[in-house]
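Asks: Structure in structure tokens, see below.
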Amino acid sequence: MDVDAMKRTAGIEACHWVSDGMSVGLGTGSTVAHTVIELGRRVREEGLDIVGVPTSIATMELATKVGIPLTTLSDAGQLDVVIDGTDEYDPHFTLIKGGGGALTREKVVAQSSNAMVVVADRRKRVDILGAFPLPVEVLDFEWKRTKDRLDAICPGIVTLRGGSAPFVTDNGGLILDCEFGPSITDPLTLEAEILSIAGVVEVGLFCGLCDVVVLADEHSVVISARSDSRLSK
Ligand code: 5RP
């Protein structure tokens, strides 16, 4: 299987956790896009009765195109499940997310869901988080001061995503990518430290949210669940 085939396999397998009557958080990225497409197919062809809450404008557009009825958290309340991608996950099921810049909406939706299924290919599994630069969404207002404070706690380089043509999030924010290297052994403390900086909107560390990882490699799909998972396999 090539990488796209792995993503597709994982994305489709995750639909196993969706059934009639559910409200479903729809993540962002190239892996979960396959989930959205498959759920749309089931809505159109099999009459699957779900509502979705998208985590980005891109996912809202895709879900609309494939026919998934959408709602908001205000209307849906707590969701049954969210399915999303990840940039890294560790043995404790802690995630680094935000490679697509949607981390804030993704975390709002994940925290408003009864369970989280993560879809990934084998490149995303790590022993220690941090080889993937940690995305931090910040306000555009005086972002260089916010960057100074992140520079003070990050051992590597902190880079404005997009450089001279900055990437702007769906919320009008900017992304600072922080090169911690594979050194994040206490993600909860780091999350709190980064969130204490004024100007930070959100950090792409997802602690205690992911219940199940659907991991595709060249030959198979492996489903792993956190020991205290809110979902059964
Ligand atoms: C977007 C994300 C994505 O879920 C993450 O970047 C994984 O994307 P992909 O499935 O394309 O590798 O966090 O903000």
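The values are calculated or read from the model by the stated rules, or taken from the named source; none is laboratory data. Because the structure is a prediction, the values reported are computed rather than measured. Methodologically, a virtual Cβ is constructed for each residue, glycine included, from the backbone with ideal geometry; neighbour enumeration extends over all protein chains shown.
Asks: Of the residues 210, 154, 178, which is surrounded by 15 or more Cβ atoms within 10 Å (Cβ to Cβ), of a type outside the set (S, T, N, Q) and within 19 Å of residue 108 (Cβ to Cβ)? I'd like the intermediate steps shown before the answer.
Replies: Values: 154 fails: within 19 Å of residue 108 (Cβ to Cβ); 178 fails: within 19 Å of residue 108 (Cβ to Cβ).
After applying the criteria, what remains is 210.
Asks: In addition: Can you tell me which condition residue 30 does not meet? The list is (1) more than 17 Å from residue 79 (Cα to Cα); (2) of a type outside the set (A, V, I, L, M, F, W, C); (3) more than 12 Å from the ligand (Cβ to nearest atom); (4) not in a helix (DSSP H, G or I), and all the others hold.
Replies: Against the list (1) more than 17 Å from residue 79 (Cα to Cα); (2) of a type outside the set (A, V, I, L, M, F, W, C); (3) more than 12 Å from the ligand (Cβ to nearest atom); (4) not in a helix (DSSP H, G or I), residue 30 comes up short only on (3).
Asks: Could you please give the count of residues in segment 7-27 that are assigned to a helix (DSSP H, G or I) and either outside the structural domain of residue 115 (by TED's automatic domain parsing) or not aliphatic (A, V, I, L, M) (or both)? Let's see the steps before the verdict.
Replies: Within segment 7-27, the first condition is being assigned to a helix (DSSP H, G or I), and the residues that meet it are 7-17.
After this cut, where a residue has to be either outside the structural domain of residue 115 (by TED's automatic domain parsing) or not aliphatic (A, V, I, L, M) (or both) as well, the list is 7-9, 11, 13, 15-17.
So the count comes out to 8.
Asks: Would you point out the residue of segment 201-233, among those that are of a type in the set (Gly, Ala, Ser) and in contact with a strand residue (DSSP E or B) (Cβ under 9 Å, 6 or more places away or on another chain), that is farthest from residue 140 (Cα to Cα)?
Replies: Of everything passing the filter in segment 201-233, 232 is farthest from residue 140 (Cα to Cα).
Asks: If only one of 180, 167 is modelled with pLDDT of 95 or more, among the aromatic types (Phe, Trp, Tyr) and touching a helix residue (DSSP H, G or I) at 6+ places or on another chain (Cβ under 9 Å), which one is it? It would help to see each step written out before you state the result.
Replies: Values: 167 fails: touching a helix residue (DSSP H, G or I) at 6+ places or on another chain (Cβ under 9 Å).
Unique residue meeting the criteria: 180.
Asks: List the pairs whose first member sits in segment 77-95 and is outside the structural domain of residue 7 (by TED's automatic domain parsing), whose second member is at pLDDT 95 or above, and whose Cβ atoms are under 8 Å apart, counting only residues at least 6 apart or on separate chains?
Replies: Every condition considered, no pair remains.
Asks: Right, another one. I'd like the full set of residues that are in contact with a helix residue (DSSP H, G or I) (Cβ under 7 Å, 6 or more places away or on another chain) and within 13 Å of the ligand (Cβ to nearest atom), limited to segment 123-162.
Replies: 135, 136, 137
Asks: Spot the failing condition for residue 110; the list is (1) surrounded by 14 or more Cβ atoms within 10 Å (Cβ to Cβ); (2) of a type in the set (A, V, I, L, M); (3) farther than 25 Å from residue 56 by Cα; (4) out of contact with any helix residue (DSSP H, G or I) (no Cβ under 7 Å at 6 or more places or on another chain), and only one is missed.
Replies: It fails just one condition, (3).
Asks: Separate question: Among the residues that make up segment 116-126, is at least one of them out of contact with any Gly (no Cβ under 8 Å at 6 or more places or on another chain), at pLDDT below 95 and among the acidic types (Asp, Glu)?
Replies: Scanning segment 116-126, I find at least one residue that is out of contact with any Gly (no Cβ under 8 Å at 6 or more places or on another chain), at pLDDT below 95 and among the acidic types (Asp, Glu), so the answer is yes.
Asks: A follow-up question, please. All but one of (1) in contact (Cβ under 8 Å) with a residue 12 or more places away in the chain; (2) assigned to a helix (DSSP H, G or I); (3) not hydroxyl-bearing (Ser, Thr, Tyr) hold for residue 53; state the number of the condition that does not hold.
Replies: It is condition (2) that residue 53 fails.
Asks: Of the residues 45, 61, which single one is outside the structural domain of residue 168 (by TED's automatic domain parsing), within 16 Å of the ligand (Cβ to nearest atom) and either surrounded by 20 or more Cβ atoms within 10 Å (Cβ to Cβ) or in a helix (DSSP H, G or I) (or both)?
Replies: Criteria check complete, one pass: 61.
Asks: So, one more: Just give me the residues in segment 181-202 being under 13 Å from residue 101 (Cβ atoms) and either charged (D, E, K, R) or surrounded by 21 or more Cβ atoms within 10 Å (Cβ to Cβ) (or both), in sequence order.
Replies: The first filter runs over segment 181-202 and keeps only residues under 13 Å from residue 101 (Cβ atoms), leaving 201-202.
Residue satisfying the conditions is 202 alone.
Asks: Please go through segment 8-27 and pick out each residue that is within 13 Å of the ligand (Cβ to nearest atom) and out of contact with any Gly (no Cβ under 8 Å at 6 or more places or on another chain).
Replies: Let us first name the residues in segment 8-27 that are within 13 Å of the ligand (Cβ to nearest atom), namely 8-11, 14, 25-27.
Matches in segment 8-27: 8, 9, 10, 11, 14.
Asks: May I ask you to list the residues in segment 19-38 that are aliphatic (A, V, I, L, M), closer than 19 Å to residue 71 by Cβ and crowded, with 21+ Cβ neighbours inside 10 Å? Steps first, please.
Replies: Narrowing segment 19-38 to residues aliphatic (A, V, I, L, M): 22, 24, 26, 32-33, 36-37.
From the residues that got through so far, the ones that are closer than 19 Å to residue 71 by Cβ too are 22, 24, 26, 32, 36.
Selection gives 24, 26, 32, 36.
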